[in-house]
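J.: Take this structure first; my questions come after.
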Amino acid sequence: MRMTRVFSGVQPSGNLTLGNYVGALRQFVELQHEHDCFFCVVDLHALTLPQDPEQLRAKTAEVAALLLASGLDPAKMTLFVQSHVPAHAELSWLLNGIAYVGELSRMTQYKDKAKDRKTVTAGLLNYPILMAADILLYQADLVPIGADQKQHLELSRDVAIRFNNRFGDTFVVPEPYIPKVGARVRALTDPAKKMSKSSEVPDSYIALLDPPDVVRSKLARAVTDSGREVRYDPKEKPGVSNLLTIYSLCRGKTVKAAEGDFPGVGYAAFKEAVAEAVNDTLRPIQARYEELMSTGELRDILAGGGRRAAEVSAATLADVKRKMGLLAL
Ligand code: AMP
Ligand code: TRP
């Protein structure tokens with residue numbers, strides 16, 4: 001029996017945060033041990049919104065290096081850049097003949113992103129078709145995603161089923177893999193919101209590449225609550241509870257055990273301890289990141305990943321072309 005295949009994509013935009021690390025990257029690292037995993041830095045998706053070309057190039061390398069620095073191992077999984085494998089753009093075009101404008105324009109992410117813009121590119125509308133192509137090319141069984149991407153995955157499934165009905169069994173119909181609610185890390189400046197890499201307020205998140213003194217000062221400014229007790233109580237004390245969550249995740253402790261580390265400790269000293277825990281978590285990631293960026297290693301890993309991805313996806317693309325009636329030589 002073939003191993004379960006996993007596919008996920010990460011956009012090269014914003015700064016990967018501690019939230020992404022605990023909510024996504026750590027799951028990726030676990031999954032690579034059990035399944036045949038493909039992870040893709042989706043630079044073509046980024047082009048659906050205006051990008052500065054130099055920054056997009058730099059971010060693509062940065063995100064790939066951070067995925068590796070977080071523990072993805074090229075001997076265990078395949079990491080590559082979407083634009084390095086032309087089959088993604090090709091299948092995406094072919095699926096343009098399958099997906100409906102109606103279903104695309106109903107996507108909530110499309111509506112959100114389109115509503116404040118004077119002009120809306122065709123790419124923004126077609127974004128989920130490219131995502132379907134990413135997944136279906138690899139015959140992925142499982143797709144780790146955040147809750148906000150569920151609707152896109154549902155569309156990928158609909159496209160796969162429609163194609164299979166029209167042309168015969170071709171695509172595996174993928175299932176979402178939404179990790180059991182691990183802890184959600186909230187914004188430091190406003191615990192009502194999640195910590196987000198696309199936030200305009202850098203103080204609201206801890207980026208994986210934040211230097212130690214930046215981590216300390218962001219945490220020193222993080223909102224706490226009235227009272228002076230360090231206690232886990234998300235209703236009454238959302239700020240302190242978020243910091244306890246962060247501390248527990250970084251120290252690998254339960255929240256209860258984390259609470260027990262701070263009897264009678266004031267907020268200022270507590271925040272310093274949280275900063276220590278975060279910096280201890282980020283230190284090895286940042287060290288590995290520097291190593292990957294300063295040697296030719298990243299390039300070699302991405303070249304190897306792109307070759308494997310191209311090999312694996314070629315069979316699906318050829319099958320689709322044949323079934324849709326394209327002339328082969
Ligand atoms: P995003 O950065 O919103 O595109 O999310 C990418 C992935 O990181 C998704 O799987 C999210 O569930 C996860 N993630 C993002 N922010 C957080 C957060 N604050 N806490 C937990 N997981 C998060
Ligand atoms: N749309 C996803 C996001 O913004 C990124 C993505 C692109 C993706 N292609 C994918 C995720 C395929 C899972 C599978 O987070």
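J.: About the Cα centre of region 202-289, how large is the charge dipole given +1 on each Lys and Arg Cβ and -1 on each Asp and Glu Cβ? Please answer in debye to the nearest 20. Before the final figure, lay out each step's value.
T.: Details: 13 positive and 12 negative charges, 28 e Å.
For region 202-289, the charge dipole is close to 140 debye.
J.: Would you look at the GNM of the chain, springs on alpha carbons closer than 10 Å, and say which of T121, T316, T170 moves the most?
T.: So, out of T121, T316, T170, the one fluctuating most is T121.
J.: Related question: With a 1.4 Å probe and every protein chain left in place, tell me how much accessible area S105 has, in Å² to the nearest 10.
T.: Spelled out: S105, probe radius 1.4 Å, area about 50 Å².
J.: Given only helices, namely DSSP H runs of n ≥ 4 each adding -39500 (n - 2.57), what is the per-residue ellipticity at 222 nm of the chain, to the nearest 500 deg cm²/dmol?
T.: So the calculated ellipticity at 222 nm is -16500 deg cm²/dmol.
J.: Ok, one more. Could you state the number of Å between the C-alpha centres of region 201-219 and region 67-95?
T.: 29 Å
J.: I would also like to ask the following. How big is the Rg/Rh ratio for region 21-84, C-alpha atoms only, Rh by Kirkwood, two decimals?
T.: 1.00
J.: While we're on this one: When the solvent-accessible surface of protein heavy atoms is calculated with a 1.4 angstrom probe, in what order do D158, D213, D169 fall, highest first?
T.: So, going from the largest accessible area down, we get D169, D213, D158.
J.: Using a 1.4 angstrom probe on the protein heavy atoms only, line up I161, I98 by accessible area, largest first.
T.: The ordering from most to least exposed comes out as I161, I98.
J.: Express in Å², to the nearest 10, the accessible area of C37 obtained by rolling a 1.4 Å probe over the protein heavy atoms while all chains stay in place.
T.: The value for C37 is about 0 Å².
J.: Once you have the alpha carbon radius of gyration of the chain, what is it after dividing by 2.2 N^0.38 Å, with N set to its residue count?
T.: Against the compact-globule rule of thumb, the ratio is 1.07.
J.: In addition: Give a quick list of chymotrypsin sites (Phe, Trp or Tyr not before Pro) in region 100-184 that DSSP marks as loop, anything other than H, G, I, E or B, with at most 14 other Cβ atoms within 10 Å.
T.: Passing both the DSSP loop test and the Cβ count: Y100.
J.: Which pairs break 21 Å Cα to Cα here: K218/K271; K150/K235; K111/K150; K59/K115?
T.: Violating the 21 Å limit, Cα to Cα: K150/K235; K59/K115.
J.: Rg and Dmax of region 108-209, using alpha carbons, in Å: what are they?
T.: Expressed in Å, the Cα Rg and Dmax of region 108-209 come to 17.0, 52.
J.: To the nearest whole percent, what portion of all C-alpha pairs in region 202-289 is separated by more than 14 angstrom?
T.: Pairs farther apart than 14 Å: 61 percent.
J.: How fast does region 60-148 diffuse by Stokes-Einstein, in µm²/s, taking the Kirkwood radius from C-alpha pairs at 4 °C and 1.567 mPa s?
T.: Approximately 85 µm²/s, per Stokes-Einstein.
J.: Oh, and also: Which of A69, A257, A222 moves most in a GNM of the chain, Cα contacts under 10 Å?
T.: The residue that fluctuates most here is A257.
J.: Below 8 Å, C-alpha to C-alpha, sequence gap of six or more: please give me the relative contact order for the chain in percent.
T.: 21 percent
J.: Taking +1 at the Cβ of each Lys and Arg and -1 at the Cβ of each Asp and Glu, which of P53, L244, A133 sits farthest along the dipole of the chain towards its positive end, judged by Cα position relative to the Cα centre?
T.: Projecting each Cα onto the dipole axis, the largest value belongs to A133.
J.: Using the Karplus curve 6.51 cos²θ - 1.76 cosθ + 1.60 with θ = phi - 60°, work out ³J(HN,Hα) for each residue of region 113-124 in order, rounded to whole Hz, and write x for Gly and Pro.
T.: Taking θ as phi minus 60°, the curve returns 6, 7, 5, 9, 10, 5, 10, 10, 6, 4, x, 5 Hz for region 113-124.
J.: To the nearest 20 debye, what charge dipole does region 112-235 have about its Cα centre, counting +1 at the Cβ of each Lys and Arg and -1 at the Cβ of each Asp and Glu? Kindly include the intermediate steps, with their values, before the conclusion.
T.: Numbers: 20 positive and 17 negative charges, 68 e Å.
Dipole magnitude for region 112-235 comes out near 320 debye.
J.: Put R283, R308, R5, R228 in order of accessible area, largest first, 1.4 Å probe: what do you get?
T.: Result of the area sort, largest leading: R228, R283, R308, R5.
J.: Say we join alpha carbon atoms closer than 10 Å with springs in a Gaussian network model of the chain; which of Q82, Q151, Q32 then has the biggest fluctuation?
T.: With Cα springs under 10 Å in the chain, the top fluctuation among Q82, Q151, Q32 is at Q151.
J.: Using each residue's phi in region 314-320, evaluate 6.51 cos²θ - 1.76 cosθ + 1.60 at θ = phi - 60° and report the 3J(HN,Hα) Karplus result to the nearest Hz, with x for Gly and Pro.
T.: Calculated HN-Hα couplings, in order: 4, 5, 5, 4, 5, 4, 4 Hz.
J.: Something else now. For region 195-286, what is the relative contact order in percent, using Cα pairs closer than 8 Å and at least 6 residues apart in sequence?
T.: 31 percent
J.: Using modelled backbone amide H atoms (1.01 Å from N, in-plane), which distant-in-sequence or interchain residues come within less than 5 Å of E175's amide H?
T.: Excluding prolines and chain starts, which carry no amide H, the hits are L142, V143.
J.: Spelling out what I want: for every residue of region 201-206, take phi, set θ = phi - 60°, compute 6.51 cos²θ - 1.76 cosθ + 1.60 (Karplus), and round to whole Hz; glycine and proline get x.
T.: Running phi through 6.51 cos²θ - 1.76 cosθ + 1.60 with θ = phi - 60° gives 9, x, 5, 7, 10, 9 Hz.
The values are calculated or read from the model by the stated rules, or taken from the named source; none is laboratory data. Quick caveat, the model's predicted, so the values are computed rather than measured. When we count neighbours, we look across all protein chains shown, and the Cβ atoms used for this are built from the backbone with ideal geometry, even at glycine. All accessible areas refer to the heavy atoms of the entire protein, side chains included, with ligands and DNA or RNA removed. Shrake-Rupley method; radii C 1.70, N 1.55, O 1.52, S 1.80 Å.
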